[in-house]
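Report on one structure; see the data block that follows.
Since every read-out is calculated from the coordinates, none of them should be taken as a lab result. Note that this is a predicted model, so its numbers are computed, not measured. Note that each Cβ is placed from the backbone with ideal geometry, even for glycine, and that neighbours are counted across all protein chains shown.
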Amino acid sequence: MIDGLVSQMRWSAARLERRIRGALALDREAEIEMGSTGGLLQGSRRQFSGNLVDIGSGPQDDVRLPDEDVVEGHVRIHLRPTAFGIFMTVEARGAGVVVDGDEVAQGSESHEIRLPATLELGSASMRLAPPESASARRSTQSMTFGVGCVVASLLLGVVFGALVPPSGVEMRATAPYRPTEPALPPEGAPERQAMQTVRERLTEVGLSPFIEADLAPGGTLVVNGVIPARAEPDWRSFNRWYDRQPGLPVMVRNVTVAGGLSDLPAIALIHLEEPRQVQFADGTRVGKGDLVVDGWQVEAIADTEMTLTRRGERIAVSY
């Protein structure tokens, strides 16, 4: 029995070693994203795979900067990927190289720093960082290393504990408690009938273009929307009606009044063929980008609603 356990321990240790070596492997290529934050190429972004990146004004440079203060092969970047991030050393072959605010003298190298970092040369400035996908991979590798060490300790404890099992102790494994999310009521349930009643009432009082009624998990009714100021009396009337109804479920009311829509005419027709347009009852037609009332502009016309925006605000008018 002991020989078998020792053999199993050796196999598990070898497997763990292989995984840790894979997590800490240094022979893979680095992946970085370089974004220009100043200079002629401001706003541009590029991704590189490799451990060397040359920046300069020459045709052989990986990043070519058309700047009179930048020479061919002005900077060479050395990248070193690890499980804990990508580390960078900058070799300044030209003058005026600044890394994270520290100037690197011509003919020398910067100290090794971990990305993200900033680089300036000539009139250009740029930010170097791992792409999001690489960052996620690195986090996973670091977690693998940490979890591997914990698993190794637990494994040794379990194996040696199995050599001398305590007498009279019964071991049982139980599944962890996982609370279940409340489900939506089934078809035909009273809550669904109440939702249909609310939708019909909203249509009767003329609020259905602005307010939507839905069911939340657990059977709670939720109404959402933005109404024009002229419809506020109708909204108060609807609330009084609902509060007098016996047996209806709790209703969460997420409805706000937008004064800027007080003069919005009633919608008469929706033209869904391109270019899409909404026709109001007074005959006016509007399309994407057109102004309606009080500075509200049409952002989009969808199959079921029109989206309006104004100085960062956004509302949806349902048909």
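Going from the fewest other Cβ atoms within 10 Å to the most, the residues PHE210, PHE84 appear in the order PHE84, PHE210. Our estimate of slack between ASP62 and GLU313, defined as 0.36 nm per intervening residue step minus the Cα-Cα distance, is 86.0 nm. Summary value for segment 190-261: 35 percent relative contact order, contacts being C-alpha pairs under 8 angstrom separated by 6+ residues.
Given a Förster distance of 45 Å, report the FRET efficiency between LEU184 and ARG46 from their Cβ-Cβ distance, rounded to the nearest 0.05. Numbers along the way, then the final one.
Values: r = 48 Å, r/R0 = 1.06.
Working from the Cβ atoms, E equals 0.40.
When each of the peptides 186-197, 50-61 is scored by the mean number of other C-beta atoms lying within 10 Å of its residues, the order from highest to lowest reads 50-61, 186-197. Once both labels are positioned 7 Å from their Cα atoms along Cα-to-Cβ, the gap between ILE113 and GLU274 label points is 4.8 nm. Highest-first packing order for the peptide set 103-114, 297-308 is 297-308, 103-114, based on the mean count of other beta carbon atoms within 10 Å.
Between GLU132 and ASP290, the modelled label-to-label distance comes to 3.6 nm, taking each label 7 Å out from Cα in the direction of the beta carbon.
What is the calculated FRET efficiency for GLU232 to THR89, with r their C-beta to C-beta distance and R₀ = 41 Å, to the nearest 0.05? Spell out each step's value before the answer.
Details: r = 65 Å, r/R0 = 1.60.
Rounded to the nearest 0.05, the efficiency is 0.05.
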